[in-house]
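Here the structure is laid out as structure tokens; the discussion comes afterwards.
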Amino acid sequence: MLSREDNELLTRVSGDAPMGRMIRQHWWIPAGLSAQLEADGKPRRVRLLGRNYVAFRATGGKVGFFDEACPHRGASMALARNEDNALRCIYHGWKFSVEGVTVAVPTQPANEAEYCKHVPLEHYPVREEGGIYWVWLGEGDTPPKFQNFEFCGLPPGHVVAVCQTVPANWLQGVETTMDSAHLGMLHQSWLSSVGDIRLSSANMAPVYHVEQKPYGFRYASVRALADGSSYVRTNSFVLPWYGVVAPGRSQSRGGNFFFAVPVDDEHLCYWNIVYDFDQPVEITQQVSDTRPESWPPLPPGPPEDNWGQDREAMKNGHFTGFTQALGTEDFAVIMSMGPIVDRSKEYLGAGDGAVLAVRRCLLAAVREFMQNRTPALANHEAIPYERIRPVAAVFDGEARWREML
Ligand code: FES
Ligand SMILES: [Fe+2]
């Protein structure tokens, strides 16, 4: 349970909310899928932490990221012409290079060159990794070190990213990522359909072992198997929103990243990156038939219709009645909690250890930020992000999996 004040501090990101300011300043933010930006193609509107931006790929391939509103009189730069390594606003033709330099102001012929130097165009550093373009929205000239996770630099095909915008506060997304205890219940129909009985409801109550780390924490969830051995999954929480989760197939060298990026106070963008060192990631027909920026599907109905839950499917053996995809089940529960869940009204138990640890990390960080300090958990120079690796395996004794922590 949290106080109302702490819940506000954790969840609010728009305007001048400290959490939003801290995230903008100290982390690179995944903003969209690289494949959506075509050279000289349509600019994309992007909303992050309650503000509106526009992303585009210039003629030469570089990605630009500006405030959406034209600095002249606010027309959307999503409508701009994308040509000649620049965006040209269609209203009065002001032109801004992908580097963020104002290169033409045709409405100011007398002193155009001088005038251009003072146009307050807001533009931001961009970096592309893992099929995603990331942006730094902080103040000053020096972005933080990029979190170079182990999927960075993998060849195309070995890392696949999908995302979906969900009407719920970002923390609900982060908490469900790290809440291993719901797997065997909420997702039981999916897990049994892929044959993963080790996570099934027979061993609902994993024992958690949490270890603090310079990036957040890592935990092992240990499930006792009938033969006396232990099925261990070690997952990590990396600030501000990354869940580094073990792959379903325990043989593969790779993993999953799940992360909930705040669009604004009441919307999140839920991302999933799957990567594999040894072979290209297999994409199911269902995923490849859908747009990667809208996967997994949202629940199909409105709240008045219980989010489209299929009671007939439940009668026929499906546990949740959300048969679309595993992620749809997550979206249904986090949307059902309301846009920002009131954590002063919850009643937590033994299975909520990782959720509590997420909150502790984020609260500690935002409190340091409010005292004008760089949060200890954002000390990127000292963190070997490329070595954060999830594990899922069966172990005989305790000693071996403890090494994995
Ligand atoms: S509003 Fe963009 S050029 Fe005038
Ligand atoms: Fe889930």
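The values are calculated or read from the model by the stated rules, or taken from the named source; none is laboratory data. As the structure is a prediction and not an experimental result, all values here were calculated from the model. FYI the Cβ positions are ideal-geometry reconstructions off the backbone, even for glycines, and counts take in every protein chain you see.
So which pairs qualify, if the first residue must be in region 249-260 and closer than 14 Å to Glu150 by Cα, the second must be at pLDDT below 80 and not small (Gly, Ala, Ser), the Cβ gap must be under 9 Å, and the two must be at least 6 apart or on different chains?
Arg253/Pro247; Gly254/Pro247; Gly255/Pro247; Asn256/Pro247
From Phe237, Phe258, which residue is aromatic (Phe, Trp, Tyr), buried (at least 23 other Cβ atoms within 10 Å of the Cβ) and outside any loop (DSSP other than H, G, I, E, B)? Talk me through it step by step, then tell me what you get.
Values: Phe258 fails: buried (at least 23 other Cβ atoms within 10 Å of the Cβ).
Phe237 is the lone residue from the list that is aromatic (Phe, Trp, Tyr), buried (at least 23 other Cβ atoms within 10 Å of the Cβ) and outside any loop (DSSP other than H, G, I, E, B).
Filtering region 50-74 down to residues that are β-branched (Val, Ile, Thr) and either within 16 Å of ligand 1 (Cβ to nearest atom) or more than 23 Å from Gly138 (Cβ to Cβ) (or both), which residue is farthest from the chain's Cα centre (by Cα)? Can you show your working first?
We begin by selecting, within region 50-74, every residue β-branched (Val, Ile, Thr); these are 54, 59, 63.
Restricting the remaining residues to those that are either within 16 Å of ligand 1 (Cβ to nearest atom) or more than 23 Å from Gly138 (Cβ to Cβ) (or both) gives 54, 59.
On the way: Val54: 19, Thr59: 28 Å.
Residue satisfying both the conditions and the ranking: Thr59.
Of all residues being of a type outside the set (A, V, I, L, M, F, W, C) and crowded, with 16+ Cβ neighbours inside 10 Å in region 63-83, which is farthest from Ser34 (Cα to Cα)? Just the residue, please. Give the derivation first.
Filtering region 63-83 down to residues of a type outside the set (A, V, I, L, M, F, W, C) leaves 64, 67-68, 71-74, 76, 81-83.
From what is left, the residues that are crowded, with 16+ Cβ neighbours inside 10 Å are 64, 67-68, 71-72, 76, 82.
Values: Gly64: 12, Asp67: 18, Glu68: 18, Pro71: 25, His72: 28, Ser76: 21, Asn82: 16 Å.
Filtering first and then ranking leaves His72.
Would you call Arg223 in a strand (DSSP E or B), free of Cβ contacts under 8 Å to residues at least 60 places away in the same chain, outside the structural domain of Glu129 (by TED's automatic domain parsing) and more than 18 Å from Glu329 (Cα to Cα)?
Details: in a strand (DSSP E or B): yes; free of Cβ contacts under 8 Å to residues at least 60 places away in the same chain: yes; outside the structural domain of Glu129 (by TED's automatic domain parsing): yes; more than 18 Å from Glu329 (Cα to Cα): yes.
It is true that Arg223 is in a strand (DSSP E or B), free of Cβ contacts under 8 Å to residues at least 60 places away in the same chain, outside the structural domain of Glu129 (by TED's automatic domain parsing) and more than 18 Å from Glu329 (Cα to Cα).
Per-residue answers, yes or no, for (1) assigned to a strand (DSSP E or B); (2) within 16 Å of ligand 1 (Cβ to nearest atom); (3) modelled with pLDDT of 95 or more:
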site: Phe319; (1), (2), (3): no, no, yes
site: Phe322; (1), (2), (3): no, no, yes
site: Val333; (1), (2), (3): no, no, yes
site: Val341; (1), (2), (3): no, no, yes
site: Ala354; (1), (2), (3): no, no, no
site: Arg373; (1), (2), (3): no, no, yes
site: Val394; (1), (2), (3): yes, no, no
site: Arg402; (1), (2), (3): no, no, no
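Consider Pro292 carefully, then state whether it is touching a strand residue (DSSP E or B) at 6+ places or on another chain (Cβ under 7 Å), within 16 Å of ligand 2 (Cβ to nearest atom) and in the same structural domain as Cys163 (by TED's automatic domain parsing).
On the way: touching a strand residue (DSSP E or B) at 6+ places or on another chain (Cβ under 7 Å): yes; within 16 Å of ligand 2 (Cβ to nearest atom): no; in the same structural domain as Cys163 (by TED's automatic domain parsing): yes.
In short, no.
Which number in (1) modelled with pLDDT of 95 or more; (2) crowded, with 16+ Cβ neighbours inside 10 Å; (3) of a type in the set (A, V, I, L, M) marks the one condition that Val101 misses?
That leaves (2) as the condition not met.
Which of the residues that make up region 364-388 are closer than 20 Å to Lys213 by Cβ and in contact with a helix residue (DSSP H, G or I) (Cβ under 6 Å, 6 or more places away or on another chain)? Show your work before the answer.
Filtering region 364-388 down to residues closer than 20 Å to Lys213 by Cβ leaves 364-369, 373-388.
Result: Ala365, Val366, Phe369, Pro375, Leu377, Ala378.
What is the one condition in (1) part of a helix (DSSP H, G or I); (2) away from ligand 2 (no atom under 16 Å from the Cβ); (3) closer than 30 Å to Pro339 by Cα that His182 does not satisfy?
Unmet condition: (2).
Can you find even one residue in region 80-94 that is in contact (Cβ under 8 Å) with a residue 24 or more places away in the chain, within 28 Å of Trp170 (Cα to Cα) and within 15 Å of ligand 1 (Cβ to nearest atom)? Can you show your working first?
Residues of region 80-94 that are in contact (Cβ under 8 Å) with a residue 24 or more places away in the chain, as a first pass: 80, 82-87, 94.
Right, trim to within 28 Å of Trp170 (Cα to Cα) and you get none.
Looking through region 80-94, none of the residues is in contact (Cβ under 8 Å) with a residue 24 or more places away in the chain, within 28 Å of Trp170 (Cα to Cα) and within 15 Å of ligand 1 (Cβ to nearest atom).
When region 302-311 is examined, which residues are found to be surrounded by 10 or more Cβ atoms within 10 Å (Cβ to Cβ) and either out of contact with any helix residue (DSSP H, G or I) (no Cβ under 6 Å at 6 or more places or on another chain) or over 15 Å from Pro339 (Cα atoms) (or both)? Walk me through how you get there before you give the answer.
Going through region 302-311, the residues surrounded by 10 or more Cβ atoms within 10 Å (Cβ to Cβ) turn out to be 303, 305-311.
Residues satisfying the conditions are Pro303, Asp305, Asn306, Gly308, Gln309, Asp310, Arg311.
Which residues, taken from region 152-177, are assigned to a loop (DSSP other than H, G, I, E, B) and at pLDDT below 95? Let's see the steps before the verdict.
At the first step, the residues of region 152-177 found to be assigned to a loop (DSSP other than H, G, I, E, B) are 152-158, 167-169.
Listed by number, the residues that qualify are Cys152, Gly153, Leu154, Pro155, Pro156, Gly157, His158.
When you scan region 42-62, how many residues do you find that are assigned to a loop (DSSP other than H, G, I, E, B) and either buried (at least 19 other Cβ atoms within 10 Å of the Cβ) or touching a His at 6+ places or on another chain (Cβ under 8 Å) (or both)? Can you show your working first?
Let us first name the residues in region 42-62 that are assigned to a loop (DSSP other than H, G, I, E, B), namely 42-43, 49-50, 58-62.
Narrowing the set further to residues that are either buried (at least 19 other Cβ atoms within 10 Å of the Cβ) or touching a His at 6+ places or on another chain (Cβ under 8 Å) (or both) leaves 43, 49, 58.
Count: 3.
Considering only residues that are buried (at least 24 other Cβ atoms within 10 Å of the Cβ) and either polar (S, T, N, Q) or not in a loop (DSSP other than H, G, I, E, B) (or both), which ones fall in region 240-249? If you could, list the steps in order and put the result at the bottom.
The first filter runs over region 240-249 and keeps only residues buried (at least 24 other Cβ atoms within 10 Å of the Cβ), leaving 240-244.
Within region 240-249, Tyr242, Gly243, Val244 meet the criteria.
Looking at Ala325, Ala350 in this structure, which one is buried (at least 16 other Cβ atoms within 10 Å of the Cβ) and closer than 30 Å to Gln309 by Cα?
Values: Ala350 fails: buried (at least 16 other Cβ atoms within 10 Å of the Cβ).
Of the residues listed, the single one that is buried (at least 16 other Cβ atoms within 10 Å of the Cβ) and closer than 30 Å to Gln309 by Cα is Ala325.
Being assigned to a loop (DSSP other than H, G, I, E, B), more than 14 Å from ligand 2 (Cβ to nearest atom) and either touching a Lys or Arg at 6+ places or on another chain (Cβ under 7 Å) or modelled with pLDDT under 85 (or both): is that true of Ala202 here? Give the derivation first.
Working: assigned to a loop (DSSP other than H, G, I, E, B): no; more than 14 Å from ligand 2 (Cβ to nearest atom): yes; either touching a Lys or Arg at 6+ places or on another chain (Cβ under 7 Å) or modelled with pLDDT under 85 (or both): yes.
Criteria not met by Ala202.
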